Structure formats: structure tokens, C-alpha cells
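The values are calculated or read from the model by the stated rules, or taken from the named source; none is laboratory data. Source: prediction; values computed, not measured. Ideal geometry is used to build each Cβ from the backbone, glycine not excepted, and the neighbour counts take in all protein chains shown. What goes into the accessible areas is simple: the full protein's heavy atoms, side chains included, and nothing from ligands, DNA or RNA. Shrake-Rupley method; radii C 1.70, N 1.55, O 1.52, S 1.80 Å.
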Amino acid sequence: MDKSISELLNKAGKFSEQESLLLKQELQFKELKKGDILLEKGKVCSSLCFIISGCFYQYSIDSESNKNIIDLNIANDWVINHKSFTSRKPSESSIQAFEDSSFYEISIDAIHKLIAQSQSFLQMGKILEESTSRIDFFDNNFSPDEKYHYIITNKPNLLQKFPQTIIASYLKMTPETFSRVRKRFF
């Protein structure tokens, strides 16, 4: 079995061999070039995407035309706009490829079809929980030092994939604060 599909299955839940085959049949392999938009602001997010290679960032644009980074996703992450996906309302943010990227996509219709075949596919809801738990917990509860420590401990590859300005925005701090925090760790 393709290593990336086995990673996807492990992150989606625990499935029998038959259920794994059903899930694999619903996956669509896709590629985007650097700068291509995965989800445009104003469109409804109708799928989950599992990144095989490359990386994506989710952002909104403020009144001063600044990009505010909401989430960063790299290989072996699921990428989704949770709010749009669950509410079925237009997205308030965009998701863009930061590098040439490849991924597996599964539509909400395919997920519903799978759930109708086996209740085990309800486990895929944990993907949705992960996408909001980081935002809720991380943005609201951590100091700048704790946020940076979290990144270097749990997602150090983000530091290799994205420039400091994007990491700083993701951590909800100014580039200057980010620079001071980094110096305290090295």
C-alpha cells in the first residue's frame, strides 16, 4: 500500500481492510502549483485534503490588506476550512499552496456515502476536531514563548517550510516579537 495512503488512513481513524478499500476508492489524487488556490474566499469548503507533499496556508485579508495566517499545513496534515465545511456557508478565508503540492481529496458527499456504508467512518470527525482545537486552544491560551515552544516541539517542520513573517502571523505575534522569542530559545 502507498505509504501516504497508510498515513492518511492512520490519521483518519481505525478501519477494517474492507473499510480501508472503500475509503481509498473515494480518494482523488490532485496537484497544485505554488500560489494556486485550494479554497477561495466566498466558496464553500466541500472536501477534506490530506497533504502528501508540499504545504498550504490558510489566511484572511484584513481591512488594511494584510494577510492574517489562520493555519499552516504540511505533508501528512489534513487541510480544511472547518467553519465553512461544517456550516456549508461561504468561507471567510482562502487556502493557498505555498509550494508545489500533491494531496488526496475526499468530498463531503463521499464521506456521507461512506458513513451510510459503515458507521466506522464517523471517526473521520476527529479530523474536524483537530482543525478547530489548535485554533481555539493555541490562539487563546498560550503566551508567545509557549506558542513557539509548541511549534519547535510538535511541528518543527513548519519552521523549515515557511518564512518567519508567515510563522509570526500564524502565532499571532509581530515579526519583532517572534524574533525576540526565537532568540530566547537559541
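Quick look at the numbers
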quantity: Stretch gain in nm, segment LYS89-GLN28, where the contour uses 0.36 nm per residue and the Cα spacing is subtracted; calculated: 19.6 nm
quantity: Label-point separation in nm, GLU99 to SER65, each point 7 Å along Cα→Cβ; calculated: 3.0 nm
quantity: Extreme residue, positive dipole direction of segment 59-103, given options PHE85, SER65, ALA75 (C-beta unit charges); calculated: PHE85
quantity: Charged-residue dipole, Cβ positions (Lys, Arg, Asp, Glu), segment 63-186 about Cα centre, Debye nearest 20; calculated: 240 debye
quantity: Cβ-placed point charges (K, R +1; D, E -1), dipole of segment 1-144 about Cα centre in debye, nearest 20; calculated: 260 debye
quantity: Near-label residues of segment 85-107 by backbone N, under 19 Å of a point 7 Å along Cα→Cβ of ALA116; calculated: 106-107
quantity: Long-range amide H partners of ILE52 with built H, under 5 Å; calculated: ASN76, SER102, PHE103, TYR104
quantity: Ellipticity estimate at 222 nm from DSSP helix runs (n ≥ 4, -39,500 (n - 2.57)) divided over the chain, nearest 500; calculated: -12000 deg cm²/dmol
quantity: Protein accessible area in the chain, 1.4 Å probe - carbon and sulfur %; calculated: 50 percent
quantity: Label-point separation, LYS14 to LEU159 (7 Å along Cα→Cβ), nm; calculated: 3.4 nm
